[in-house]
Structure formats: C-alpha cells, structure tokens
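A short worksheet on the structure shown next.
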Amino acid sequence: MKKFLKLYFLSCLLLSSMTFFTGCSDDEALPQLTGESKQFVLFNKSNPSISGTVTISKRNDDATLITVQLNGTSAGGTHPAHIHANSAAEGGAIALDLSAVDGSTGKSETVVKTLNNGSPITYDQLINLDGYVNVHLSVVDLETLIAQGDIGINELTSTSKTYPLSAVSNTAISGTAKFTKRVSGKTLVSIALTGTTPGVSSIAHIHLNTVAQTGGVVVDLTPVNGSSGKSETSVNKLNTGAAITYDELLIFNGYINVHESATAISTLIAQGDIGKNELTNTSKTYTLSAVSNNAISGTAKFTKRVSGETLVSISITGTTAGVSSPAHIHLNTAAQGGPIAIDLTNITGATGKSETSVNKLNNGTPITYEELLNFNGYINVHQSANNLATIIAQGNIGSNTGNPTTVNYNVTNSGATSYVFNGNGLTNSNNPNLTFQRGKTYTFTVNTPGHPFLIKSVQSTGTLNPFSDGVTNNGSSNGIITFTVPSNAPNTLYYICEFHSSMTGIITITN
C-alpha cells in the first residue's frame with residue numbers, strides 16, 4: 001500500500017510539472033510588445049481641461065497597439081476616436097476606427113493590422129503616416145472634438161517662428177502668425193488674433209513682397225474664425241503648385257494680410273511682414289521739421305529687415321485728409337539742396353503716414369540699412385503732386401544728422417525804415433544784401449506787423465512782380481516764409497516791404 005501511494009504521488013507530481021511547463025509555453029506564444037513605440041500629443045479642443053497622448057507600439061506578431069490616454073474625461077462618457085488622412089489643419093476622411101475612449105479611465109486600446117479599407121499597415125507605416133487623430137465628445141455629438149493631434153509625418157517639431165500681425169483698420173485687432181515645422185518639413189501656419197467678431201470669417205493670405213511694397217497672393221490661408229480669432233493652415237506649396245518647405249518660408253519674400261471678410265476684402269484688419277522681410281529691433285529715427293506750416297512736423301524711422309533692407313516709415317502730424325504728399329530722399333544736406341536719390345511712398349493726409357521698403361537708389365545702386373545710416377542725404381515732404389514747390393516737412397538723415405536743414409533768418413523791423421535781420425551770421429543787421437545758392441532752402445521767420453515781406457523779381461513796392469517759384473507764404477508779416485531756390489532762378493532777386501521802399505535788400509543767386 002505504501003509503495004502504491006508513493007507511485008501515485010510521483011505520478012501526480014510528474015503530471016503537475018508537465019501541466020506547468022505546458023502553461024508557460026502557451027504564455028510565451030501570446031503576442032508581445034517589442035518595446036519599440038512612438039508617442040504623439042493630443043491637444044485640447046472644446047474643453048481646455050482635456051488633453052493627452054496617443055502611443056503607437058510595435059508587437060512581435062506584425063500588429064500594432066494604439067493606445068489613447070486622455071486626462072480630464074468624466075466617468076460614464078464614451079468618446080469615439082479615429083485616425084484621419086492628412087493633417088488636422090487640412091482635414092481628411094477617416095482612415096482607421098479606434099476603440100472608443102472610456103471616460104472613467106480616459107483610455108482606449110486598439111490592435112491594428114489593416115486600415116478600414118482592408119489595406120495592411122505596419123508599425124513603421126503608422127509612425128510615418130500622413131494623418132491625425134480626432135477624439136469626439138460622443139456618438140451623438142461627433143461635431144464636438146475633445147482632443148486632436150497630428151501624427152506620423154505631420155507631427156509638429158519644437159522648431160517655430162512667430163511674426164507679429166499689426167492692427168490696420170481697427171486698433172483693437174492684432175496678433176501673431178506662428179510658423180511651426182513638421183517632421184516632414186512642411187509648415188503649420190497658426191494665426192491668433194484678439195479683438196475679432198464672433199460669426200465673422202476673416203480671409204487671410206500670404207502675399208509676395210513686403211507690406212510697404214504690396215504684391216499678389218501666393219498662399220491661401222484658412223480664414224480666421226471670429227469667435228476664436230484663430231486659423232490653422234498646413235503649407236507645403238504655393239498656389240502655383242511650387243513646393244515650399246519650412247526653411248524656405250523663413251527666408252521667403254512675403255507678408256500676411258488678414259481681411260475683414262469675404263465681402264469686405266478691401267478692409268484689412270491685421271498685417272505683417274514675414275520671412276526675410278521680418279523687421280528687426282534695429283532702427284534709427286530722424287526728425288522732420290516744419291517748413292511751410294508750423295503745424296506739420298514728425299519723424300522718419302529707418303528699421304532694419306532680416307534681409308538687410310530698410311523700412312522707411314514717415315509719420316507726421318497736421319496733414320490734411322484727402323491730400324497725398326510726395327516724399328523723397330535727396331542727396332546732400334537740406335541746407336545745400338540736392339537731386340532726388342530715392343522716391344518714397346506718398347504720405348496719406350488722413351493718417352500722416354507712409355511706408356517704403358528701400359534696398360536701392362533710383363539709379364539701381366543697391367543700398368543696405370547700414371549704408372543708409374551713413375548716407376549723405378535729407379528727406380523732403382511736399383504739399384502735393386500739384387504743389388511740389390511747397391515743402392511741408394524736411395530733415396537731414398544719415399551722415400548729415402546734426403546739420404541744420406535750412407538757413408533761417410529772424411526778421412523784425414525798425415519802424416518803416418528797415419528790416420532787421422538776425423541769424424546765419426547776422427546780428428541786428430538793417431536791410432542786408434543776401435547771397436543764396438540754387439537748390440538750398442532758406443526761411444524767414446517774420447515778425448513785422450504792418451510790413452508785409454515780399455520776395456520779388458523787381459525792386460518795387462506793391463504786390464506786382466512777386467517771385468513765387470519755390471516760395472511759400474510770400475508777403476507774410478507774421479509767420480514763416482520758405483524759399484527753396486529753384487535751379488532756374490534769376491541771378492538777382494529782391495526782398496521789399498509791400499508799402500515802404502526803404503525796407504529792401506538784394507538777393508544774389510549763385511550755383
């Protein structure tokens with residue numbers, strides 16, 4: 001009996017051992033994760049408290065485990081999830097149904113070997129897919145997304161560049177355009193504006209050239225949603241079909257316009273230079289002094305671009321709405337006068353502003369920002385195209401900074417016998433003879449009540465034979481008379497009181 005029991009016990013032990021080893025073999029035959037995986041970020045959409053990740057993990061049976069893990073979901077919720085074709089900014093059809101996310105755990109797991117259309121797909125193909133993940137609020141509310149993220153070649157890198165978008169027609173609206181590089185080398189262009197109007201869709205584009213120059217549309221961007229102030233566009237080519245990478249966009253000759261709406265394209269709400277036209281923090285501001293009208297003065301600001309070109313921004317106060325004032329950079333100092341070297345954009349009277357992108361002289365000679373800061377020049381702003389002889393603002397620039405822009409005389413009177421001059425080397429000088437140079441600007445600050453000061457071609461009283469070419473405010477007895485001597489001025493002119501022949505002097509004109 002003892003022998004039988006011993007044999008029975010050994011038999012049971014052997015049977016148990018066989019069962020144990022057989023069970024271990026079955027476990028080893030189950031599919032296993034290889035340890036190779038790739039994780040992508042899922043960003044919040046309708047609910048800022050919900051975000052997470054999607055992890056794609058390789059298995060040893062040629063299948064892939066896709067795990068969605070969200071934070072901030074609520075117990076009892078069931079959230080459908082899918083992989084779509086293209087990027088989230090572009091949108092695309094569902095390529096693969098994922099298991100719904102359990103609101104209690106925020107998790108879903110899906111084992112994948114094929115796409116919805118039956119096409120086989122491997123781990124390596126999934127982590128390089130042109131796709132994105134959507135997680136929806138519920139089966140009955142698929143329109144509301146709670147999380148979204150690009151995957152595969154659309155994954156966003158940490159490389160980005162942000163450009164300011166300044167207000168245009170509405171000072172309450174401004175923001176940024178952020179360019180973010182994808183793994184593929186494409187670009188996500190994200191516009192974020194503040195002050196937009198809910199319900200209004202604002203058209204946006206990338207244009208060729210600078211804001212100051214303007215140019216045609218080269219890339220259509222997704223309209224800005226007025227409720228959120230945002231838009232996202234995946235960019236990998238121009239409207240012409242020409243390919244463009246993130247790195248190429250960062251040196252692109254362009255700018256962004258955001259328009260009020262499709263029915264108000266002419267109204268811009270935000271605008272900014274991008275790429276090589278981006279403005280740096282390096283700038284120089286010059287004073288533009290009043291000339292013919294004491295109420296008009298301002299500044300000319302030179303700002304360096306990334307490209308080394310210059311944005312010349314003129315801002316003056318006291319201009320008249322509806323009047324367009326031509327402006328130029330001239331050679332030499334304002335006091336010397338000189339020919340036009342660079343045409344600037346006309347100043348708009350309603351705003352008193354103009355912007356010009358400068359990279360060359362009128363003769364085609366290239367000029368950089370640094371060269372402009374050392375340029376032998378000055379700026380003239382004229383009253384209008386029909387009245388170029390009247391200068392409303394003027395200032396030296398570049399190497400001429402600090403030099404006087406004009407030669408000024410302060411003129412009073414000694415009774416009805418003489419004009420009394422001070423300034424430019426004269427001290428209480430009675431009726432002095434003057435010598436002026438063609439091309440230079442001279443001003444007379446006159447305070448002679450009852451004795452109108454006239455520049456004339458004939459030395460006689462009265463108002464006949466005034467010399468008006470280049471003269472502003474001729475005949476004033478209290479104000480500023482400006483005389484920019486034209487190249488065709490006669491060799492001899494005169495100043496004289498309208499009423500008293502003893503109050504006079506000769507003006508000799510030279511080259």
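Need one number: nm distance between label points at THR320 and THR365, each 7 Å from Cα along Cα→Cβ, rounded to one decimal.
Spacing of the two 7 Å Cα→Cβ label points: 3.7 nm.
Given a 1.4 angstrom probe, what's the average accessible area per residue across the stretch 108-166, in square angstrom?
48
State which entries of LYS113/LYS237; LYS161/LYS360; LYS181/LYS237 exceed 22 angstrom in Cα-Cα distance in the structure shown.
On the way: LYS113/LYS237 33 Å; LYS161/LYS360 28 Å; LYS181/LYS237 14 Å.
Table pairs above 22 Å Cα-Cα are LYS113/LYS237; LYS161/LYS360.
Could you pull the Cα extents of the stretch 264-360 along its three principal axes, largest to smallest, in whole Å?
39, 34, 21 Å, listed from the longest principal axis down.
What is the distance, in nm, between label points placed 7 Å from the Cα along the Cα-to-Cβ direction at THR401 and at ASP62?
Placing both labels 7 Å along Cα→Cβ, they lie 7.3 nm apart.
Each label point is 7 Å from the Cα along the Cα-to-Cβ direction; what then is the distance between the points at ASN71 and SER414, in nm?
Once both label points are built, they end up 8.9 nm from each other.
Can you list the equivalent-ellipsoid semi-axes of the stretch 391-511, largest first and in whole Å, using the square root of 5 times each Cα gyration tensor eigenvalue?
One finds semi-axes of 23, 16, 13 Å for the stretch 391-511.
Provide the gained length on full extension for the span THR245 to LYS230, in nm with one decimal, where the gain is 0.36 nm per separating residue minus the Cα-Cα distance.
Length gained, THR245 through LYS230: 3.2 nm.
Please give the contour-minus-distance gain from LYS107 to LYS353: 0.36 nm per residue of separation, less the Cα-Cα distance, rounded to one decimal in nm.
Full extension from LYS107 to LYS353 adds 82.8 nm.
Can you give the helix-only mean residue ellipticity at 222 nm for the chain, where every DSSP H stretch with n ≥ 4 adds -39500 (n - 2.57) and the sum goes over all residues, rounded to the nearest 500 deg cm²/dmol?
It comes out at -2500 deg cm²/dmol, rounded to the nearest 500.
For the chain, calculate the relative contact order in percent as a whole number, restricting contacts to Cα pairs under 8 Å that are 6 or more residues apart. Each step should come with its number before you reach the end.
Working: 1333 pairs, mean separation 37.4, N = 511.
With pairs under 8 Å counted, the relative contact order is 7 percent.
What FRET efficiency comes out for the pair ASN86/LEU30, r = Cβ-Cβ distance, R0 = 56 Å, nearest 0.05?
E between ASN86 and LEU30, to the nearest 0.05, is 0.95.
Along the stretch 134-147, what does the Karplus equation 6.51 cos²θ - 1.76 cosθ + 1.60 (θ = phi - 60°) give for ³J(HN,Hα), rounded to whole Hz, x for Gly and Pro?
Once θ is set to phi - 60°, the couplings for the stretch 134-147 become 10, 10, 9, 5, 6, 5, 8, 9, 6, 5, 8, 8, 9, 7 Hz.
Which one, GLY216, GLY275, THR356, projects farthest toward the positive side of the charge dipole computed for the chain from Cβ point charges (K/R +1, D/E -1)?
In the chain, that residue is THR356.
Out of residues 5 or more away from LYS107 or on other chains, whose amide H comes under 5 Å of its own, with H placed 1.01 Å from N in the peptide plane?
Long-range HN contacts for LYS107: LEU70, ASP102.
Could you derive backbone 3J(HN,Hα) for the stretch 174-181 from the dihedral phi with the Karplus parameters 6.51, -1.76 and 1.60 (θ = phi - 60°), listing whole Hz in sequence and x where the residue is Gly or Pro?
Values, residue by residue: 7, x, 9, 10, 9, 9, 10, 7 Hz.
Relative contact order of the stretch 207-257, please, whole-number percent, based on alpha carbon pairs below 8 angstrom and at least 6 residues apart.
Contact order relative to length: 40 percent.
Rounded to the nearest 20 debye, what is the charge dipole size of the stretch 242-331 about its Cα centre when +1 sits on each Lys and Arg Cβ and -1 on each Asp and Glu Cβ?
It works out to roughly 360 debye.
Considering the dipole of the chain built from charges on the beta carbon (Lys and Arg +1, Asp and Glu -1) around the Cα centre, which of ASN491, ALA29, SER227 is farthest to its positive end?
Most positive-ward Cα: ASN491.
Which aspartates and glutamates does LYS45 reach when only Cα atoms under 12 Å apart count, and residues fewer than 8 places away in its own chain are ignored?
Answer for LYS45, where 12 Å is the Cα cut-off: GLU143, listed by chain and number.
Which whole-number percentage describes the relative contact order of the stretch 243-308, with Cα contacts under 8 Å and a sequence gap of 6 or more? Intermediate results must be reported in sequence, preceding the final value.
Values: 97 pairs, mean separation 18.0, N = 66.
Dividing the mean separation by the residue count of the stretch 243-308 yields 27 percent.
Given a 1.4 angstrom probe, I'd like the percentage of the accessible area of the chain that is carbon and sulfur, rounded to a whole number.
Roughly 52 percent of what the probe reaches on the chain is carbon or sulfur.
How big is the dipole moment of the chain about its Cα centre under a simple scheme where the beta carbon of each Lys and Arg is +1, that of each Asp and Glu is -1, and everything else is neutral? Debye, nearest 20, please.
Rounded to the nearest 20 debye, it is 920 debye.
In Å², what does the accessible area per residue of the stretch 222-278 work out to with a 1.4 Å probe?
Numbers: 2480 Å² over 57 residues.
Value for the stretch 222-278: 43 Å² per residue.
So how tilted is helix 2-29 from the main axis of the chain? Cα-based, degrees 0 to 90, rounded to 10.
For 2-29 against the chain, the angle is about 30 degrees.
The values are calculated or read from the model by the stated rules, or taken from the named source; none is laboratory data. Note that the structure is predicted; figures quoted are calculated from it, not measured. Here the Cβ is made from the backbone with ideal geometry for all residues, glycine too, and neighbour counts use every protein chain on show. Areas reflect the complete protein model, heavy atoms only, side chains present, ligands, DNA and RNA absent. Shrake-Rupley method; radii C 1.70, N 1.55, O 1.52, S 1.80 Å.
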